Amino acid sequence: MKLMRNRFQKGVTALIVGWLTLFVLLPNLMIFITSFLTRDDARFVRGVFTFSNYTRLLDPLYGEVLLHSLNMAVIATLSCLLLGYPFAWCLTKLPARLRPLMLFLLIVPFWTNSLIRIYGLKIFLSTRGWLNDFLLWLGVIESPFRIMYTPQAVILGLIYILLPFMVLPLYSSLEKLDRACLEAARDLGAGKAQTFFRIILPLTMPGIAAGCLLVLIPAMGLFYVADLMGGAKNLLIGNVIKSQFLTIRDWPFGAATSIVMTLLMGLMLLFYWRAARLLNKKVELE
(Lines give C-alpha, C1' and ligand atoms only; values in the text may rest on other atoms or scores of the structure.)
Protein backbone atom coordinates (compact mmCIF):
# COMPACT_ATOMS: atom_id res chain seq x y z
CA MET A 1 0.00 0.00 0.00
CA LYS A 2 2.81 2.36 0.93
CA LEU A 3 4.65 1.45 -2.29
CA MET A 4 1.56 2.24 -4.39
CA ARG A 5 1.12 5.56 -2.61
CA ASN A 6 4.77 6.50 -3.24
CA ARG A 7 4.40 5.61 -6.91
CA PHE A 8 1.23 7.67 -7.16
CA GLN A 9 2.93 10.68 -5.53
CA LYS A 10 5.92 10.36 -7.87
CA GLY A 11 3.61 10.04 -10.87
CA VAL A 12 1.62 13.13 -9.92
CA THR A 13 4.83 15.08 -9.25
CA ALA A 14 6.27 14.03 -12.61
CA LEU A 15 3.03 15.01 -14.35
CA ILE A 16 3.04 18.47 -12.73
CA VAL A 17 6.73 19.03 -13.47
CA GLY A 18 6.25 17.90 -17.08
CA TRP A 19 3.22 20.18 -17.50
CA LEU A 20 5.05 23.20 -16.08
CA THR A 21 8.12 22.44 -18.22
CA LEU A 22 6.14 22.03 -21.43
CA PHE A 23 3.64 24.87 -21.05
CA VAL A 24 5.45 27.38 -18.79
CA LEU A 25 9.23 26.98 -18.87
CA LEU A 26 9.70 26.23 -22.59
CA PRO A 27 7.38 29.03 -23.88
CA ASN A 28 9.04 31.56 -21.60
CA LEU A 29 12.46 30.31 -22.66
CA MET A 30 11.44 30.73 -26.32
CA ILE A 31 10.26 34.28 -25.61
CA PHE A 32 13.54 35.05 -23.82
CA ILE A 33 15.66 33.74 -26.73
CA THR A 34 13.49 35.52 -29.31
CA SER A 35 13.99 38.85 -27.52
CA PHE A 36 17.69 38.75 -28.49
CA LEU A 37 17.11 37.93 -32.16
CA THR A 38 16.45 40.14 -35.20
CA ARG A 39 13.19 40.79 -37.00
CA ASP A 40 12.71 39.16 -40.38
CA ASP A 41 9.80 40.15 -42.65
CA ALA A 42 9.61 36.74 -44.31
CA ARG A 43 10.15 34.39 -41.34
CA PHE A 44 9.34 36.79 -38.45
CA VAL A 45 12.68 36.06 -36.73
CA ARG A 46 16.26 35.86 -38.01
CA GLY A 47 18.97 34.19 -35.94
CA VAL A 48 21.17 37.29 -35.54
CA PHE A 49 21.97 38.17 -31.93
CA THR A 50 21.29 41.78 -30.89
CA PHE A 51 20.50 43.97 -27.87
CA SER A 52 18.65 46.54 -29.98
CA ASN A 53 15.23 45.22 -28.94
CA TYR A 54 15.95 46.21 -25.36
CA THR A 55 17.58 49.54 -26.20
CA ARG A 56 14.45 50.50 -28.19
CA LEU A 57 12.51 50.36 -24.94
CA LEU A 58 14.48 53.42 -23.81
CA ASP A 59 12.57 55.45 -26.39
CA PRO A 60 10.47 58.11 -24.56
CA LEU A 61 7.41 56.97 -26.55
CA TYR A 62 7.39 53.57 -24.84
CA GLY A 63 8.18 55.20 -21.51
CA GLU A 64 5.06 57.33 -21.87
CA VAL A 65 2.94 54.27 -22.68
CA LEU A 66 4.38 52.44 -19.67
CA LEU A 67 3.71 55.38 -17.34
CA HIS A 68 0.20 55.82 -18.75
CA SER A 69 -0.46 52.10 -18.31
CA LEU A 70 0.92 52.15 -14.78
CA ASN A 71 -1.13 55.23 -13.93
CA MET A 72 -4.41 53.65 -15.02
CA ALA A 73 -3.51 50.36 -13.33
CA VAL A 74 -2.75 52.15 -10.03
CA ILE A 75 -6.01 54.13 -10.18
CA ALA A 76 -7.96 50.94 -10.90
CA THR A 77 -6.16 49.17 -8.03
CA LEU A 78 -6.90 51.93 -5.53
CA SER A 79 -10.52 52.07 -6.69
CA CYS A 80 -10.86 48.31 -6.24
CA LEU A 81 -9.35 48.66 -2.76
CA LEU A 82 -11.76 51.43 -1.76
CA LEU A 83 -14.71 49.43 -3.07
CA GLY A 84 -13.52 45.99 -2.03
CA TYR A 85 -12.51 46.66 1.57
CA PRO A 86 -15.97 47.75 2.80
CA PHE A 87 -17.55 44.97 0.75
CA ALA A 88 -15.26 42.32 2.28
CA TRP A 89 -15.90 43.78 5.75
CA CYS A 90 -19.67 43.55 5.20
CA LEU A 91 -19.25 39.93 4.10
CA THR A 92 -17.58 39.04 7.39
CA LYS A 93 -20.48 40.63 9.29
CA LEU A 94 -23.09 38.46 7.56
CA PRO A 95 -24.45 35.33 9.27
CA ALA A 96 -22.28 32.29 8.64
CA ARG A 97 -25.00 30.58 6.57
CA LEU A 98 -25.17 33.51 4.11
CA ARG A 99 -21.44 33.96 3.51
CA PRO A 100 -21.03 30.99 1.12
CA LEU A 101 -23.96 32.28 -0.95
CA MET A 102 -22.48 35.77 -1.21
CA LEU A 103 -19.04 34.39 -2.11
CA PHE A 104 -20.72 32.20 -4.72
CA LEU A 105 -22.45 35.24 -6.22
CA LEU A 106 -19.08 37.06 -6.23
CA ILE A 107 -17.44 34.21 -8.16
CA VAL A 108 -20.33 33.56 -10.59
CA PRO A 109 -19.13 36.24 -13.11
CA PHE A 110 -15.96 34.17 -13.62
CA TRP A 111 -18.16 31.56 -15.32
CA THR A 112 -18.64 34.00 -18.19
CA ASN A 113 -15.73 34.97 -20.43
CA SER A 114 -14.34 38.36 -19.43
CA LEU A 115 -14.35 39.53 -23.06
CA ILE A 116 -18.11 38.94 -23.25
CA ARG A 117 -18.59 40.84 -19.99
CA ILE A 118 -16.62 43.79 -21.37
CA TYR A 119 -18.86 43.83 -24.44
CA GLY A 120 -21.86 43.89 -22.10
CA LEU A 121 -20.37 46.79 -20.14
CA LYS A 122 -19.65 48.60 -23.39
CA ILE A 123 -23.31 48.31 -24.42
CA PHE A 124 -24.42 49.46 -20.97
CA LEU A 125 -22.19 52.57 -20.97
CA SER A 126 -22.49 53.59 -24.62
CA THR A 127 -24.12 56.87 -25.65
CA ARG A 128 -27.33 55.03 -26.53
CA GLY A 129 -26.89 52.46 -23.79
CA TRP A 130 -29.04 51.53 -20.85
CA LEU A 131 -27.36 53.91 -18.42
CA ASN A 132 -27.99 56.99 -20.56
CA ASP A 133 -31.53 55.84 -21.34
CA PHE A 134 -32.25 55.37 -17.63
CA LEU A 135 -30.80 58.78 -16.66
CA LEU A 136 -32.75 60.45 -19.46
CA TRP A 137 -35.94 58.75 -18.26
CA LEU A 138 -35.29 60.01 -14.72
CA GLY A 139 -34.64 63.51 -16.02
CA VAL A 140 -31.18 63.65 -14.41
CA ILE A 141 -29.59 64.58 -17.76
CA GLU A 142 -30.98 66.37 -20.81
CA SER A 143 -28.78 64.69 -23.41
CA PRO A 144 -26.68 61.49 -23.41
CA PHE A 145 -23.19 61.92 -21.99
CA ARG A 146 -20.10 60.22 -23.37
CA ILE A 147 -18.20 57.72 -21.26
CA MET A 148 -16.80 55.35 -23.86
CA TYR A 149 -13.33 55.78 -25.39
CA THR A 150 -11.95 57.72 -22.45
CA PRO A 151 -9.41 56.81 -19.75
CA GLN A 152 -12.29 56.67 -17.27
CA ALA A 153 -13.99 53.98 -19.36
CA VAL A 154 -10.81 51.87 -19.32
CA ILE A 155 -10.54 52.23 -15.55
CA LEU A 156 -14.21 51.24 -15.16
CA GLY A 157 -13.58 48.18 -17.30
CA LEU A 158 -10.56 47.18 -15.23
CA ILE A 159 -12.51 47.61 -11.98
CA TYR A 160 -15.41 45.59 -13.38
CA ILE A 161 -13.13 42.69 -14.32
CA LEU A 162 -10.68 42.71 -11.40
CA LEU A 163 -12.75 43.69 -8.33
CA PRO A 164 -13.27 40.04 -7.19
CA PHE A 165 -9.49 39.57 -7.13
CA MET A 166 -9.34 42.33 -4.51
CA VAL A 167 -12.32 41.20 -2.45
CA LEU A 168 -11.28 37.57 -1.95
CA PRO A 169 -7.87 38.14 -0.25
CA LEU A 170 -9.35 41.00 1.79
CA TYR A 171 -12.19 38.75 2.95
CA SER A 172 -9.69 36.04 3.88
CA SER A 173 -7.66 38.49 6.00
CA LEU A 174 -10.70 40.05 7.66
CA GLU A 175 -12.24 36.67 8.43
CA LYS A 176 -9.06 35.55 10.23
CA LEU A 177 -8.94 38.77 12.27
CA ASP A 178 -8.66 38.06 16.00
CA ARG A 179 -11.86 39.44 17.51
CA ALA A 180 -10.22 39.48 20.94
CA CYS A 181 -7.99 42.34 19.76
CA LEU A 182 -11.03 44.37 18.76
CA GLU A 183 -12.71 43.71 22.10
CA ALA A 184 -9.52 44.66 23.97
CA ALA A 185 -9.29 47.92 22.01
CA ARG A 186 -12.93 48.69 22.83
CA ASP A 187 -12.34 47.96 26.54
CA LEU A 188 -9.31 50.25 26.56
CA GLY A 189 -11.38 53.13 25.22
CA ALA A 190 -10.25 53.16 21.58
CA GLY A 191 -12.71 54.71 19.16
CA LYS A 192 -13.77 53.18 15.86
CA ALA A 193 -11.21 55.21 13.89
CA GLN A 194 -8.37 54.30 16.28
CA THR A 195 -9.35 50.62 16.20
CA PHE A 196 -9.40 50.59 12.42
CA PHE A 197 -6.12 52.43 11.78
CA ARG A 198 -4.10 50.91 14.64
CA ILE A 199 -5.43 47.34 14.72
CA ILE A 200 -7.61 46.29 11.79
CA LEU A 201 -5.60 47.95 9.02
CA PRO A 202 -2.15 46.64 10.12
CA LEU A 203 -3.46 43.11 10.70
CA THR A 204 -5.11 42.98 7.29
CA MET A 205 -2.14 44.49 5.45
CA PRO A 206 -1.07 41.13 3.93
CA GLY A 207 -4.53 40.82 2.36
CA ILE A 208 -4.36 44.39 1.10
CA ALA A 209 -0.92 43.81 -0.45
CA ALA A 210 -2.01 40.51 -2.02
CA GLY A 211 -5.19 42.07 -3.43
CA CYS A 212 -3.30 45.06 -4.83
CA LEU A 213 -0.83 42.79 -6.60
CA LEU A 214 -3.59 40.55 -7.96
CA VAL A 215 -5.23 43.66 -9.48
CA LEU A 216 -2.21 45.77 -10.43
CA ILE A 217 -0.27 43.11 -12.34
CA PRO A 218 -3.04 41.97 -14.73
CA ALA A 219 -4.43 45.52 -15.04
CA MET A 220 -1.35 46.53 -17.04
CA GLY A 221 -1.81 43.71 -19.56
CA LEU A 222 -5.58 43.52 -20.23
CA PHE A 223 -5.23 44.90 -23.75
CA TYR A 224 -8.78 44.00 -24.84
CA VAL A 225 -10.21 46.26 -22.12
CA ALA A 226 -8.26 49.22 -23.50
CA ASP A 227 -9.16 48.27 -27.09
CA LEU A 228 -12.90 48.04 -26.47
CA MET A 229 -13.37 50.70 -23.79
CA GLY A 230 -10.64 53.23 -24.48
CA GLY A 231 -9.96 53.30 -28.19
CA ALA A 232 -6.56 53.98 -29.74
CA LYS A 233 -5.60 56.85 -27.41
CA ASN A 234 -5.77 54.92 -24.13
CA LEU A 235 -3.27 52.11 -24.53
CA LEU A 236 -1.97 49.73 -21.90
CA ILE A 237 1.43 48.13 -22.18
CA GLY A 238 -0.40 44.92 -23.13
CA ASN A 239 -1.66 46.67 -26.27
CA VAL A 240 1.92 47.41 -27.30
CA ILE A 241 2.90 43.76 -26.88
CA LYS A 242 -0.19 42.54 -28.74
CA SER A 243 0.36 44.92 -31.66
CA GLN A 244 4.03 43.92 -31.97
CA PHE A 245 3.12 40.23 -32.30
CA LEU A 246 -0.13 40.40 -34.29
CA THR A 247 -0.05 43.66 -36.29
CA ILE A 248 3.52 44.88 -36.80
CA ARG A 249 4.91 41.31 -36.67
CA ASP A 250 8.02 42.43 -34.82
CA TRP A 251 8.27 39.36 -32.61
CA PRO A 252 11.74 40.09 -31.13
CA PHE A 253 10.69 43.53 -29.87
CA GLY A 254 7.39 42.17 -28.57
CA ALA A 255 9.30 39.42 -26.77
CA ALA A 256 11.71 41.97 -25.24
CA THR A 257 8.78 44.06 -24.00
CA SER A 258 7.21 40.93 -22.49
CA ILE A 259 10.44 40.03 -20.70
CA VAL A 260 10.77 43.53 -19.22
CA MET A 261 7.15 43.41 -18.03
CA THR A 262 7.76 39.98 -16.48
CA LEU A 263 10.79 41.35 -14.62
CA LEU A 264 8.77 44.31 -13.33
CA MET A 265 6.07 41.96 -12.09
CA GLY A 266 8.73 39.81 -10.45
CA LEU A 267 10.06 42.88 -8.63
CA MET A 268 6.53 43.64 -7.40
CA LEU A 269 6.18 40.09 -6.10
CA LEU A 270 9.59 40.33 -4.41
CA PHE A 271 8.53 43.57 -2.77
CA TYR A 272 5.33 41.91 -1.51
CA TRP A 273 7.29 38.93 -0.14
CA ARG A 274 9.76 41.16 1.70
CA ALA A 275 6.98 43.37 3.06
CA ALA A 276 5.03 40.32 4.26
CA ARG A 277 8.12 38.95 6.03
CA LEU A 278 8.80 42.26 7.78
CA LEU A 279 5.16 42.54 8.83
CA ASN A 280 5.12 39.00 10.21
CA LYS A 281 8.31 39.67 12.21
CA LYS A 282 6.79 42.85 13.59
CA VAL A 283 3.64 40.99 14.66
CA GLU A 284 5.71 38.24 16.32
CA LEU A 285 7.78 40.81 18.27
CA GLU A 286 4.65 42.54 19.50
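Of everything listed in (1) in contact with a helix residue (DSSP H, G or I) (Cβ under 6 Å, 6 or more places away or on another chain); (2) open to solvent by 50 Å² or more (accessible area, probe 1.4 Å); (3) within 20 Å of LYS233 (Cβ to Cβ); (4) at pLDDT 90 or above, the single unmet condition for LEU156 is (1).
Considering only residues in region 27-36 that are in a helix (DSSP H, G or I) and open to solvent by less than 70 Å² (accessible area, probe 1.4 Å), the one that is nearest to TRP251 (Cα to Cα) turns out to be THR34.
Checking the conditions here, which among SER79, SER69 is open to solvent by less than 40 Å² (accessible area, probe 1.4 Å), touching a helix residue (DSSP H, G or I) at 6+ places or on another chain (Cβ under 9 Å) and modelled with pLDDT of 90 or more? Show your work before the answer.
On the way: SER69 fails: modelled with pLDDT of 90 or more.
Just a single option satisfies the conditions, and that option is SER79.
Report yes if VAL17 is farther than 23 Å from PRO252 by Cβ and either part of a strand (DSSP E or B) or among the hydrophobic types (A, V, I, L, M, F, W, C) (or both), otherwise no. Yes; evaluated as a whole, the condition is true for this residue.
Return yes when ALA275 is farther than 17 Å from THR38 by Cα and open to solvent by less than 50 Å² (accessible area, probe 1.4 Å) and no when it is not. Spelling it out, ALA275 is indeed farther than 17 Å from THR38 by Cα and open to solvent by less than 50 Å² (accessible area, probe 1.4 Å).
Suppose the filter is outside any strand (DSSP E or B), farther than 30 Å from LEU170 by Cβ, out of contact with any Gly (no Cβ under 7 Å at 6 or more places or on another chain) and basic (Lys, Arg); does ARG39 pass it? No; evaluated as a whole, the condition is false for this residue. Of the residues making up region 40-56, those that are more than 14 Å from ALA256 (Cα to Cα) and aromatic (Phe, Trp, Tyr) number 1.
Tell me, yes or no, whether region 58-69 has at least one residue that is under 22 Å from ILE241 (Cα atoms), touching a Phe, Trp or Tyr at 6+ places or on another chain (Cβ under 7 Å) and among the aromatic types (Phe, Trp, Tyr). First the steps, then the outcome.
First, the residues of region 58-69 that are under 22 Å from ILE241 (Cα atoms): 58-69.
After this cut, where a residue has to be touching a Phe, Trp or Tyr at 6+ places or on another chain (Cβ under 7 Å) as well, the list is none.
No, every residue in region 58-69 fails to be under 22 Å from ILE241 (Cα atoms), touching a Phe, Trp or Tyr at 6+ places or on another chain (Cβ under 7 Å) and among the aromatic types (Phe, Trp, Tyr).
State all residues of region 82-101 that are exposed (fewer than 14 other Cβ atoms within 10 Å of the Cβ) and among the aliphatic types (A, V, I, L, M); if no residue qualifies, say none. Those that are exposed (fewer than 14 other Cβ atoms within 10 Å of the Cβ) and among the aliphatic types (A, V, I, L, M): LEU82, LEU94, ALA96, LEU98, LEU101.
Out of PHE8, PHE49, report the one residue that is more than 27 Å from the chain's Cα centre (by Cα), hydrophobic (A, V, I, L, M, F, W, C), at pLDDT 90 or above and open to solvent by 90 Å² or more (accessible area, probe 1.4 Å).
Numbers: PHE8 fails: at pLDDT 90 or above.
Only one candidate passes the filter, namely PHE49.
Inspect all residues belonging to region 170-179 and state whether any of them is among the polar types (S, T, N, Q), buried (at least 18 other Cβ atoms within 10 Å of the Cβ) and under 29 Å from TYR224 (Cα atoms). No - not one qualifying residue is present in region 170-179.
Restricting attention to region 136-153, the residues that are open to solvent by 70 Å² or more (accessible area, probe 1.4 Å) and either closer than 21 Å to SER79 by Cα or of a type in the set (D, E, K, R) (or both) total 4.
Residues LEU125, LEU115: which one is farther than 24 Å from LEU201 by Cα, open to solvent by less than 80 Å² (accessible area, probe 1.4 Å), in contact (Cβ under 8 Å) with a residue 24 or more places away in the chain and over 22 Å from the mean Cα position of the chain (by Cα)? Steps first, answer last, please.
Values: LEU115 fails: over 22 Å from the mean Cα position of the chain (by Cα).
That would be LEU125, the only listed residue that is farther than 24 Å from LEU201 by Cα, open to solvent by less than 80 Å² (accessible area, probe 1.4 Å), in contact (Cβ under 8 Å) with a residue 24 or more places away in the chain and over 22 Å from the mean Cα position of the chain (by Cα).
The values are calculated or read from the model by the stated rules, or taken from the named source; none is laboratory data. Computed from a predicted model, the values in this text were never measured in an experiment. Virtual Cβ from ideal backbone geometry, glycine too; neighbours counted across all protein chains shown. For accessibility, only protein heavy atoms count, side chains too; no ligands or nucleic acids. Shrake-Rupley method; radii C 1.70, N 1.55, O 1.52, S 1.80 Å.
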